[in-house]
Amino acid sequence: MRGGGAFLNNEPIHVSATPDLQSALFATELGIRRDDAFLDAAFARIRELLRGARSVRCGGSCALNLCSVAQGRLDAFFELGLGGPWDMAAGAVILEEAGGKVLDPAGGPFNVMSRRVLGTNGHLAAQVSSILAACPLAEGEPRPLD
């Protein structure tokens, strides 16, 4: 329920206080596309973030990655082209309730129907979204929705 906070085993959870990308651990997912254009675009995004971040992980689940940001285990997570709203809706609410920020990877407002998500601890939202917004998309990757 919105406004009630986020909990794990009846204990409140909160996002990390990591203030800068240099100290941040982020995650992403690569989905199932394996064509060269997609792989080039996906690895370009990872490369640009890794130039300034501590490390990157791929955990296998959009919802669980968003919850890991909510718990402070990760500082940011992004994915483009995921299956649909069921992959991110609950995780997005949990992250916001834990004090995080959920937005479009290009920096605009989050749209659950977009198949695009960036979740951060709040401190990293502008920095990560500006990096991702500058990266090219592959043909067929979802664009930001207005």
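The values are calculated or read from the model by the stated rules, or taken from the named source; none is laboratory data. These figures come from a predicted structure and were not determined experimentally. All Cβ positions, even for glycine, are placed from backbone atoms using ideal geometry, and neighbour counts span all protein chains on display. All accessible areas refer to the heavy atoms of the entire protein, side chains included, with ligands and DNA or RNA removed. Shrake-Rupley method; radii C 1.70, N 1.55, O 1.52, S 1.80 Å.
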message: Checking the condition touching a Cys at 6+ places or on another chain (Cβ under 8 Å) and in contact (Cβ under 8 Å) with a residue 60 or more places away in the chain, which residue from Ile131, Ile94 passes?
response: Ile94
- line: Of Ala125, Ala133, the only residue that is modelled with pLDDT of 95 or more, open to solvent by 20 Å² or more (accessible area, probe 1.4 Å) and among the aliphatic types (A, V, I, L, M) is Ala133
field: Condition met for Gly72 (surrounded by fewer than 23 Cβ atoms within 10 Å (Cβ to Cβ) and within 20 Å of Pro19 (Cα to Cα))
entry: yes
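In this structure, is Gly140 under 15 Å from the mean Cα position of the chain (by Cα) and on the phi > 0 side of the Ramachandran plot?
Working: under 15 Å from the mean Cα position of the chain (by Cα): no; on the phi > 0 side of the Ramachandran plot: yes.
Considered against the rule, which asks whether it is under 15 Å from the mean Cα position of the chain (by Cα) and on the phi > 0 side of the Ramachandran plot, Gly140 comes out as no.
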message: Given the criteria open to solvent by less than 30 Å² (accessible area, probe 1.4 Å), closer than 19 Å to Arg2 by Cβ and β-branched (Val, Ile, Thr), does Val102 qualify?
response: yes
- request: Determine which member of the set Ala92, Ala53 is within 26 Å of Gly3 (Cβ to Cβ) and at pLDDT 95 or above.
  value: Ala92
query: Only one residue in Val56, Val93 is within 18 Å of Gln22 (Cβ to Cβ), among the hydrophobic types (A, V, I, L, M, F, W, C), open to solvent by 10 Å² or more (accessible area, probe 1.4 Å) and out of contact with any Ser or Thr (no Cβ under 6 Å at 6 or more places or on another chain). Which one?
result: Val56
- prompt: If you go through the range 3-12 one residue at a time, do you hit one that is open to solvent by less than 20 Å² (accessible area, probe 1.4 Å) and more than 13 Å from the chain's Cα centre (by Cα)?
  reply: yes
task: Find the residue count for the range 23-41, including only residues that are assigned to a loop (DSSP other than H, G, I, E, B) and either surrounded by 14 or more Cβ atoms within 10 Å (Cβ to Cβ) or charged (D, E, K, R) (or both).
output: 7
